Each structure stands twice: as C-alpha cells, then as structure tokens.
Number of protein chains: 2
Amino acid sequence: MNTRFAVATHILTFLQSQEGSPASSELIASSVNTNPTLIRRLLSQLAKAGLTTAQMGSGGGALLARPGTSITLLDVHRAIDEGHVIFPLHQQPNPQCPVGRNINKVLHGRIAAVEQAMERELARTTIADLATDISAINSAA
Amino acid sequence: MNTRFAVATHILTFLQSQEGSPASSELIASSVNTNPTLIRRLLSQLAKAGLTTAQMGSGGGALLARPGTSITLLDVHRAIDEGHVIFPLHQQPNPQCPVGRNINKVLHGRIAAVEQAMERELARTTIADLATDISAINSAA
DNA sequence: ATCGTCTGTTACAGGAATGGTTACATATGA
DNA sequence: TCATATGTAACCATTCCTGTAACAGACGAT
C-alpha cells in the first residue's frame, strides 16, 4: 500500500496550520505517526517540486513555499507520484496478432481520458481547503 | 509496474474479436506475450466477476459471459483491482494532534470524489468499443 | 473406456517497491 | 563552539507482481 500521497498531503496541511512557523521533521512525524526520515524523504520531493522550503539549523524546519490556497492535490500528486502511472500498459504484445498489434494504441487514448478526469478533480481541492475543513471540525468540537 | 488491468482488458478484447469461439489460455498468452498461467489467473478473477466463462476439455477455452457492449472498463477495474485503492490513506495518524486527528476524515471525502470521477470515465468505454476501434485500424491498413 | 486437451489452483523463486531504521556530512542559530 | 535540524545514503524486512513448474479435475474425441 502506497500511502505517500496521503502522507505528503498531511505534511502540507500540517504546515498550512502552522501559519508560517517552521516545523521540524520530528514534529511532523509525530503527527503522521511515522519516523522523521520518511518525512524528510517526502519533504525533499515536495521541495524539488517547489511546494516547500527548508530552513536548516537550530529552530529550523519545513515551510510552505507558497500560499496553501495555491497548492492543489494535483500539485501534490505530480510531486509525489511523478512517473507513477495509475493504469500502465503492458509491454510488447504480439505484433503478429491483430488485437495485440493495436490494443495499446487504442487503450492509451481511453486511459488518458480517465487520468485527465482524475486530475481535473484533484485540482479542485487546495491545501488551504483541507486546513479550513479541519479547523472547522476542531472549533465545532 | 502492475499491468493486470491492461492485460485483462486485452484478454476481453481478444475474446470479443473471437466472436464466440473459445480461446485457450495459451492462445491468449501468445497475443499478450506472456505465459498461460498469468492469463488463467486473470481469467479466474474475470470469471468470478461474471465477465467470462470457461469451457473445459479439448477444444475448450474462455468465452465472454455477456455481450462486449455491456462490459465496461469500470467492470474490468472492479474485477481486477478489487480492494486495490488508488489513493490509500495512511494508518493511525496521531489523535493528539489537531491535524492528525482529522486529516483522514477530510481527505477521504475529497479522494472519494476523485475516484468517482475516474469511475465515471472508465464506465464510458466498453470492450466492444475497443474491438471496433481495433478492427477499424486493421481494415484501414 | 481411454487418451489428450485445457482449466483451475497451488507452490516457489526472482525482482521491484514500500517503509522502518541507522548513520553521517552539512548548514545554521544560539 | 555546540546543539539542532536537514539532506541523503545504506541496509533490512515485508509485500506485491510475474514467470515457471506441477498436478488434479473436467471434457471432447476416438
């Protein structure tokens, strides 16, 4: 089970709720309930994608690189699952067979439409949305 | 890389193009370019989902259990990736943390919308559509 | 009735991905 | 200078996927 997308989203939502003060990988790890190295690995990918920055040294930690209102779940998906295809095609079907020769060509178009629908929906939610939902739950309780 | 969805779709499209004559796992395997056991494993799942049937014994093989016009890619996805969540949540975030306590509740709703969008799109393509596209390419060539 | 064919299923091995752990060089604030 | 924290690498256990081999059971052909 690959939970990196969920954990990365958790990290970003956590940073959003910190309102600008840096969070150490150990603090984040305690919220996610995992170990700091895994958090740093994901933060490294998020930083490469331009979603977070890091402040090294004492009192340092991770920060959002831009407002949570401008970071969507699609951004997270692209940063974390880069190159991870949801519905991969199989390699080298038999070119001698009328079906095998063309199946990938035909399937590719249909799958592309599916992934586009998925991405459109991912793009509709921002990190700020999630943080807002959470704080609404917490202030209601 | 998990290509089971693509291979299962290939199998069903192959059966559709057979127009009712049974296909052995070995014949299908040669079209997919893999081994018969993998084909039989997938056929077993497709049969459990009611998409194919099997005719045992000499001259036997796999058959579509219902018209290809009524089998969608969503049916294939459900038969093959049953229980395989696209965006799984992470287990047991810290309940002491305001974010950790609620992140999964909030994320779940957003992810459900994404998967529904994906499923709607998968449901729009049938096995018969794929077979039609392929025969169009072959007769054009 | 026997034989060959084909399915359905199991077992096992190799390879890849995931996640947990440890370690360490580097950067930075105090 | 020192404690803190990042960034990254190495290693291990676990799990999933795929290929391979094996075998009992079903069924058509002869």
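The values are calculated or read from the model by the stated rules, or taken from the named source; none is laboratory data. What you see is a predicted model; the values in this text were computed from it and never measured. Cβ placement follows ideal geometry from the backbone for every residue including glycine, while neighbour counts extend to all protein chains displayed. These area figures cover heavy atoms from the full protein model, side chains too; ligands, DNA and RNA do not enter into them. Shrake-Rupley method; radii C 1.70, N 1.55, O 1.52, S 1.80 Å.
Below are the figures for this structure:
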| quantity | calculated |
| --- | --- |
| Size descriptor, Kirkwood hydrodynamic radius, that averages inverse alpha-carbon separations across the protein assembly as shown, Å | 21.0 |
| Ranked by how many other beta carbons lie within 10 Å on average, peptides A:10-17, B:91-98, A:103-110 from highest | A:10-17, A:103-110, B:91-98 |
| Residue with peak Gaussian network fluctuation, chain A [Cα springs, cutoff 10 Å], from A:43, A:51, A:122 | A:122 |
| Chains B and A together, accessible area buried on both sides, 1.4 angstrom probe, square angstrom | 4400 |
| Across the identical copies, how the residue A:139 labels are spaced - nm, sorted shortest first, 7 Å along Cα→Cβ | 6.5 |
| 13 Å tail of the calculated P(r), segment B:1-64, as % of Cα pairs | 57 |
| For segment A:4-140, size of Cβ-based charge dipole, Lys and Arg +1, Asp and Glu -1, in debye | 520 |
| Calculated label separations, residue A:20, copies of the chain, 7 Å along the beta-carbon direction, nm | 7.4 |
| Compactness of segment A:89-134 as Cα Rg over 2.2 N^0.38 Å, two decimals | 1.92 |
| Relative contact order (%) - criterion: Cα under 8 Å, at least six apart; region: segment B:1-68 | 34 |
| Cα lying deepest toward the dipole's positive end in chain A, options A:93, A:2, A:131, charges on Cβ | A:93 |
| Size of charge dipole - the protein assembly as shown - debye, nearest 20, with Cβ of Lys, Arg +1 and Asp, Glu -1, no other charges | 260 |
| Ellipticity estimate at 222 nm from DSSP helix runs (n ≥ 4, -39,500 (n - 2.57)) divided over chain B, nearest 500 | -18500 deg cm²/dmol |
| Calculated label separations, residue B:50, copies of the chain, 7 Å along the beta-carbon direction, nm | 4.9 |
| Value of Rg/Rh across chain B [Cα atoms, Kirkwood radius] | 1.12 |
| Mean separation of Cα contacts under 8 Å (6+ apart) over length of segment A:4-140, as relative contact order % | 29 |
| Accessible carbon and sulfur surface of chain B relative to its total accessible area, %, 1.4 Å | 51 |
| Taking all pairs of distinct alpha-carbon atoms in segment A:29-79, Kirkwood radius in angstrom | 11.7 |
| Accessible surface, per residue, of the protein assembly as shown when the full set of protein chains is kept, probe 1.4 Å, Å² | 49 |
| Label point distance in nm, residue A:124-residue B:26, each placed 7 Å from Cα along Cα→Cβ | 5.1 |
